[in-house]
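Take a look at the structure below.
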Amino acid sequence: MSIPLTDTATLHPLVLPARADAADAADLIEYARVRNASLTETTGRDDDHLAPAALLALLRSDADLERRQWLIRIGEEAVGLAVLNIIADDGGRAAFFTINLLRSVWSRGIGTAALRFIEQQAAIAGVARLLVWIEHTDADESRLDSPTGFGSIPKDHGARFLLRHGFALEQVERVSAFELSGDADRLRTLHAEAAAHAQGYRIVSWQLPTPAEFVDGYARLKQAMSTDAPDADLDMPEEEWDAERVARHDDRYLQRGETVLVTAAQHAETGELCAFNELSIGGELGLTTHQADTLVRSAHRGHRLGMLVKTAGLLDWRDLRPDSPRVITWNAEENRPMLSINEALGFTPIAYEGAWRKDLS
């Protein structure tokens with residue numbers, strides 16, 4: 001089934017095959033190709049490229065996220081994709097979307113038509129607010145300040161598109177990179193200094209799947225991450241985490257062939273997990289590592305636990321995946337405590353993302 005977008009472009013629901021090497025996986029392979037090519041065109045990097053097999057696990061819906069995706073074609077040629085992900089928490093009132101178009105078909109009205117379709121689908125599903133995160137390329141355009149008072153983005157092609165269609169910039173996130181091949185002496189020194197301040201805490205770590213003894217504590221940390229991390233006026237819903245959700249979370253990564261290392265600080269007296277950091281990477285050699293969630297529970301701040309878990313994780317990671325050249329991570333520009341830790345470690349800014357919102361009702 002195809003849905004007309006413009007005089008030349010059509011939208012096609014992506015039917016997911018059972019496996020990436022199945023006979024009916026041609027559309028998935030095209031989807032991965034267009035996704036990766038458009039990311040390279042807009043960011044200049046391949047850090048977030050995914051092979052079809054890894055992408056397949058990411059595209060399946062589950063109890064936490066209803067995932068819908070479409071290919072955009074001109075004739076038989078795939079030139080873009082559209083994604084709508086509806087968040088189950090808060091009754092499905094929030095969703096995030098993506099529209100990726102190859103640069104060769106920009107400024108033809110295809111993106112506008114695709115966004116109109118996405119908004120219609122979201123409204124039918126009962127979504128009240130639509131969110132999107134995009135990386136902005138700095139080409140000396142005028143700038144748009146974040147309403148948080150921290151950071152700005154250029155009014156580039158993507159920003160102008162979103163402003164024209166009623167979206168508001170809510171937050172700026174810094175994308176930072178850390179070179180893993182450097183000397184580890186600084187990491188060891190910072191870790192020792194943090195450990196000296198973290199009396200009464202110990203490091204525990206594991207690779208997914210999460211061991212039974214840590215499931216409940218990990219679930220509490222992940223739920224806290226959904227409320228404690230700065231999100232400006234994006235109004236992200238609180239996530240409900242339990243053992244079943246941890247299992248789904250772990251399975252998504254494992255189905256993608258990823259290695260995930262979780263490093264946590266445990267309160268020695270109570271056994272409570274009170275800070276954590278995640279590092280993940282795909283199975284192929286030489287890939288970029290992604291640093292995902294990092295959190296210190298508010299009741300345990302002031303003991304350098306953020307530095308403790310980050311340095312412990314990075315030191316272990318150098319031994320676990322010495323083939324990975326670097327780590328990239330994302331932080332809200334107003335999250336000065338985490339940015340200060342990253343800067344002390346040697347992370348440097350490589351890009352900036354805008355977090356945008358549009359209310360549909």
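Throughout, read-outs are computed from the coordinates displayed, never taken from laboratory work. This is a predicted model, so every value here is computed, not measured. Methodologically, a virtual Cβ is constructed for each residue, glycine included, from the backbone with ideal geometry; neighbour enumeration extends over all protein chains shown.
Cross-link partners for Lys222 among the lysines, with Cα-Cα distance under 21 Å and sequence neighbours closer than 8 places in the same chain left out: Lys310. Three principal axis extents of the range 3-127 based on alpha-carbon atoms, in descending order, are 38, 33, 29 Å. Orientation-averaged projection of the range 182-324 equals 9.3 nm² [convex hull of Cα atoms, one quarter of hull surface area]. Selection among Ile3, Ser107, Gln69 by position relative to the dipole of the chain gives Ser107 as farthest towards the positive end (Cβ unit charges, Cα centre). Nearest 10 degrees is fine. How inclined is helix 110-124 to the longest principal axis of the chain, computing both from alpha carbons? Value to nearest ten degrees: 70. Axis of helix 336-345 versus longest Cα principal axis of the chain: the two differ by about 70°, to the nearest ten degrees. Peptides 242-249, 117-124 ranked from most to least packed give 117-124, 242-249, packing being the mean of other C-beta atoms within 10 angstrom over each peptide's residues. Between the listed residues Ser38, His191, Leu234, the Cα displaced farthest toward the positive end of the dipole of the chain, a dipole computed from Cβ unit charges relative to the Cα centre, is found at Ser38.
So what is Rg over Rh here for the chain, counting just Cα atoms and using Kirkwood for Rh?
0.96
Computed about the Cα centre, the dipole magnitude for the range 3-127 is approximately 240 debye when only Lys and Arg (+1) and Asp and Glu (-1) carry charge, each at its Cβ.
Computed about the Cα centre, the dipole magnitude for the range 182-324 is approximately 500 debye when only Lys and Arg (+1) and Asp and Glu (-1) carry charge, each at its Cβ. Here Ile87, Ile72 are placed in order of increasing Cβ neighbour count within 10 Å, fewest first, which gives Ile87, Ile72. For Lys358, the lysines whose Cα falls under 18 Å of its own Cα, not counting residues fewer than eight places away in the same chain, are Lys155. Against the longest alpha carbon principal axis of the chain, how many degrees, from 0 to 90 and to the nearest 10, is the axis of helix 26-43 turned? Helix 26-43 sits roughly 70 degrees off the main axis of the chain. Here the chain is assigned +1 on the Cβ of each Lys and Arg and -1 on the Cβ of each Asp and Glu. Its dipole about the Cα centre then comes out at about 380 debye.
Students often check this: by mean Cβ neighbours within 10 Å, which of 105-112, 272-279 ranks highest, and how do the rest follow? Write down the numbers at each step before the final one.
Values: 105-112: 16.9, 272-279: 24.0.
By packing density, highest mean first, the sequence is 272-279, 105-112.
All other residues whose Cβ lies under 9 angstrom from that of Leu180 are scored, Lys and Arg at +1 and Asp and Glu at -1, for a net of +2. When the GluC sites (Glu not before Pro) in the range 279-357 are filtered for DSSP coil states and for at most 13 other beta-carbon atoms within 10 Å of their beta-carbon, the remaining sites are Glu284.
Loop-located GluC sites (Glu not before Pro) across the range 14-116 with a Cβ neighbour count of 14 or fewer within 10 Å are Glu76, with loop assigned by DSSP.
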